[in-house]
Protein chains: 2
Amino acid sequence: MREFLLRASKAFTKSFKLNDLPGAGRIDLVCRCITQAIWLSGNLRRNVVFRSVFEGPDKPPKLITVEASKLRGMSPDERNVASHLRMAIEKGYWLDYGEEIEVWHGIKVAKKSFEEFLRERSEEGVEIVYLHKRGKDVREVEFSKQVCFVLGDHKGLPKAAERFLKKIGAKRVSLGNKEYLASQCIAIINYELDRRNVD
Amino acid sequence: MREFLLRASKAFTKSFKLNDLPGAGRIDLVCRCITQAIWLSGNLRRNVVFRSVFEGPDKPPKLITVEASKLRGMSPDERNVASHLRMAIEKGYWLDYGEEIEVWHGIKVAKKSFEEFLRERSEEGVEIVYLHKRGKDVREVEFSKQVCFVLGDHKGLPKAAERFLKKIGAKRVSLGNKEYLASQCIAIINYELDRRNVD
């Protein structure tokens with residue numbers, strides 16, 4: 001199983017307008033990541049779970065989970081993906097810490113922080129991989145079967161988050177000497193794993 | 001220089017609504033391809049030219065060109081990219097065969113067909129590469145400095161177009177055994193060329 005976690009440091013945790021996704025704390029970026037993560041041509045990738053922690057106003061943090069294998073009726077365009085995210089944000093507005101609800105087939109929202117989620121995953125034995133220009137070349141890295149790839153948004157990850165990742169033993173992996181968009185990183189990681197016939 | 005050509009078999013050549021890009025002949029798909037082709041994190045790729053032939057109603061074919069090195073004021077979200085495409089389609093509506101106009105910094109529109117454009121490129125000595133599951137593995141292929149990657153949309157390329165590509169000597173290149181979205185193919189090709197330090 002492949003898991004992606006995007007830290008969306010500005011993404012609104014209140015309702016937003018579908019006509020202005022960049023103005024909602026760059027929710028457009030989150031949508032592009034979802035599309036690149038879960039789709040193939042004419043098919044969903046049943047082996048992918050995409051997650052994003054929204055840290056913008058008013059009620060952060062919110063962890064949104066998209067399980068491709070359970071998803072129904074979502075299209076790959078930004079506006080349609082965003083409408084699903086908005087549903088999650090609206091229905092999860094008043095959640096308390098630790099609570100999680102399913103808002104649509106394959107879409108859940110929880111009140112949970114980036115650090116809390118990753119600490120849990122790490123304790124469950126999932127390999128945490130942080131994509132960073134100064135990491136080990138992806139083509140030289142072996143990944144375990146349960147792996148979670150961590151990405152920053154347009155702001156990158158703050159230093160404190162990088163220290164936290166180091167503390168929990170996250171592996172730093174590089175895609176080369178270019179700095180890619182988060183959505184491009186996801187497409188590339190999926191491709192690199194596909195080439196190895198890794199599920 | 002890297003060039004991408006997307007055949008958008010249904011994309012409208014008349015004005016369309018920004019709130020329904022899928023309904024405009026899958027212009028959402030074209031927008032995602034543009035974003036994946038021309039952006040890096042915080043930067044435009046100065047070495048990329050993206051083109052798409054729109055073949056939907058009312059006035060096909062229209063060839064739209066986006067030159068990243070000349071582009072100004074475009075954001076990577078689908079709605080913003082689409083607003084630039086719409087400008088090109090509206091301003092180019094009445095163009096005659098062979099005519100081309102610049103509608104914005106780095107954005108041009110011409111009345112030209114997929115075949116006509118590729119025949120010209122091929123005669124100019126540009127290497128034409130067609131991405132196809134049953135091609136030679138991309139990692140075993142050397143590309144020339146002037147290369148144009150040809151992609152189909154959600155419908156794929158029709159048989160006649162495949163025959164045409166064969167006739168002009170296009171190389172068939174494969175990204176592996178998965179069928180990717182056109183936008184994913186573009187991200188992967190850019191990545192493969194980046195890894196070789198090819199411009």
Out of the residues in the stretch B:171-182 that are among the small types (Gly, Ala, Ser) and more than 7 Å from chain A (Cβ to nearest Cβ), which is nearest to the chain's Cα centre (by Cα)?
B:Ala182
Test A:Ala187 against the stated conditions and say whether it is of a type outside the set (S, T, N, Q) and over 29 Å from B:Leu181 (Cβ atoms).
no
Within the stretch A:93-108, is there a residue that is in a strand (DSSP E or B), of a type outside the set (D, E, K, R) and within 14 Å of chain B (Cβ to nearest Cβ)?
no
Going by the structure shown, is A:Asp20 within 11 Å of chain B (Cβ to nearest Cβ) and assigned to a loop (DSSP other than H, G, I, E, B)?
yes
Suppose we keep only residues that are within 19 Å of the chain's Cα centre (by Cα), over 14 Å from A:Ala182 (Cα atoms) and basic (Lys, Arg) within the stretch A:1-24. Which one would you say is most open to solvent (accessible area, probe 1.4 Å)?
A:Lys10
Which one of these does A:His132 not meet: (1) more than 28 Å from A:Met74 (Cβ to Cβ); (2) open to solvent by 30 Å² or more (accessible area, probe 1.4 Å); (3) touching a residue at least 24 places away in the same chain (Cβ under 8 Å); (4) part of a helix (DSSP H, G or I)?
(4)
Every residue from the stretch A:92-104 that is closer than 19 Å to A:Ala8 by Cα and either out of contact with any helix residue (DSSP H, G or I) (no Cβ under 9 Å at 6 or more places or on another chain) or touching a residue at least 60 places away in the same chain (Cβ under 8 Å) (or both)
A:Gly92, A:Tyr93, A:Leu95, A:Glu100
Test set (1) at positive phi; (2) of a type outside the set (Asp, Glu); (3) at pLDDT 95 or above - A:Tyr130 fails condition number:
(1)
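Being in a strand (DSSP E or B) and basic (Lys, Arg) is the filter; apply it to the stretch B:23-71 and report the residue that is nearest to B:Ile189 (Cα to Cα).
Among them, the one singled out is B:Arg51.
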Among the residues of the stretch B:1-17, write down those that are assigned to a loop (DSSP other than H, G, I, E, B), touching a strand residue (DSSP E or B) at 6+ places or on another chain (Cβ under 8 Å) and not small (Gly, Ala, Ser).
B:Met1, B:Phe12, B:Thr13
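The values are calculated or read from the model by the stated rules, or taken from the named source; none is laboratory data. The shown structure was predicted, so the numbers you read here are calculated from the model rather than taken from an experiment. When we count neighbours, we look across all protein chains shown, and the Cβ atoms used for this are built from the backbone with ideal geometry, even at glycine. All accessible areas refer to the heavy atoms of the entire protein, side chains included, with ligands and DNA or RNA removed. Shrake-Rupley method; radii C 1.70, N 1.55, O 1.52, S 1.80 Å.
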